[in-house]
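Reviewing the structure listed below.
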Amino acid sequence: MEKIKHSHKEDVIAILTGTFLVSQGIFFLQAAHLLTGGTTGLALLISQMSGISFGILYFLCNLPFYALAWQRFGKRFALTSLISGALVSIMTDHLNMMISVDHINDIYCAVAGGLLMGLGMLILFRHRSSLGGFNVLCLFIQEKFGISVGKVQMAIDCCILTASFFFITPWLLLVSVLGAVVLNIVLAMNHKPTRYIVTYGS
């Protein structure tokens with residue numbers, strides 16, 4: 001199959017669009033005090049418990065994975081992932097200046113958050129970028145073994161959410177799992193290695 005190529009302009013627009021959608025999704029999860037998997041879930045959990053800015057925690061949690069991305073996929077992928085992660089951190093921490101939520105439905109926030117995050121991540125993946133974190137590991141496994149990003153991400157997310165059982169109520173955990181499932185269904189259905197080929201190396 002012919003390798004997919006995007007122009008520099010398309011990549012820039014895609015990174016801005018993808019990170020905007022992801023930050024919107026995280027905003028919905030924050031509004032309902034929900035969690036998710038990956039480094040996003042870890043940052044949300046620590047932020048809820050400590051009061052420290054989500055953006056700072058999210059960026060710090062992802063730093064080691066940017067180094068892994070550089071080593072495994074090359075400088076370009078690592079730098080675009082670093083930029084994407086930084087944009088999500090900044091956007092998410094400042095969305096409360098643009099949006100206020102007066103009425104919150106937990107299930108709606110979980111579904112909306114999962115859909116928006118899944119779509120944003122999908123756009124980033126298809127333009128040779130990621131959010132760092134376990135995304136890098138998932139992309140490596142897909143490239144190496146042909147297992148879709150969504151399936152690997154779902155397995156990791158289930159482990160993280162299970163560990164969160166001791167920190168949030170059973171109801172919030174259940175709804176958080178719903179959001180994580182929605183997110184990973186979006187990725188599993190739309191980012192299959194045999195359907196859309198992208199080379200992540202430089």
- Task: Specify which of the listed residues (84, 176, 148) is crowded, with 20+ Cβ neighbours inside 10 Å and either free of Cβ contacts under 8 Å to residues at least 12 places away in the same chain or under 13 Å from the mean Cα position of the chain (by Cα) (or both).
- Result: 84
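Among residues belonging to region 88-140 that are assigned to a loop (DSSP other than H, G, I, E, B) and over 23 Å from residue 64 (Cα atoms), point out the one that is modelled with the highest pLDDT. Walk me through it before giving the result.
The first filter runs over region 88-140 and keeps only residues assigned to a loop (DSSP other than H, G, I, E, B), leaving 98-105, 127-133.
This time we only want the ones that are over 23 Å from residue 64 (Cα atoms), so: 98-105.
Values: 98: 92, 99: 89, 100: 85, 101: 83, 102: 85, 103: 89, 104: 90, 105: 96.
Here the residue is 105.
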- Of the residues 43, 67, 14, which is in contact (Cβ under 8 Å) with a residue 60 or more places away in the chain, of a type in the set (Gly, Ala, Ser), touching a helix residue (DSSP H, G or I) at 6+ places or on another chain (Cβ under 9 Å) and part of a helix (DSSP H, G or I)? 14
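Can you tell me which residue among 26, 52 is at negative phi, surrounded by fewer than 15 Cβ atoms within 10 Å (Cβ to Cβ) and of a type in the set (Val, Ile, Thr)?
On the way: 26 fails: surrounded by fewer than 15 Cβ atoms within 10 Å (Cβ to Cβ).
That would be 52, the only listed residue that is at negative phi, surrounded by fewer than 15 Cβ atoms within 10 Å (Cβ to Cβ) and of a type in the set (Val, Ile, Thr).
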- Message: The conditions are (1) assigned to a loop (DSSP other than H, G, I, E, B); (2) within 16 Å of the chain's Cα centre (by Cα), and residue 157 fails exactly one of them. Which is it?
- Response: (1)
- Query: residue 169 versus (1) within 24 Å of residue 61 (Cβ to Cβ); (2) under 17 Å from the mean Cα position of the chain (by Cα): which is the lone unmet condition?
  - Reply: (2)
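The values are calculated or read from the model by the stated rules, or taken from the named source; none is laboratory data. None of these values were measured; they are calculated from a predicted model. Backbone-built Cβ (ideal geometry, glycine too); neighbour counts: all protein chains shown.
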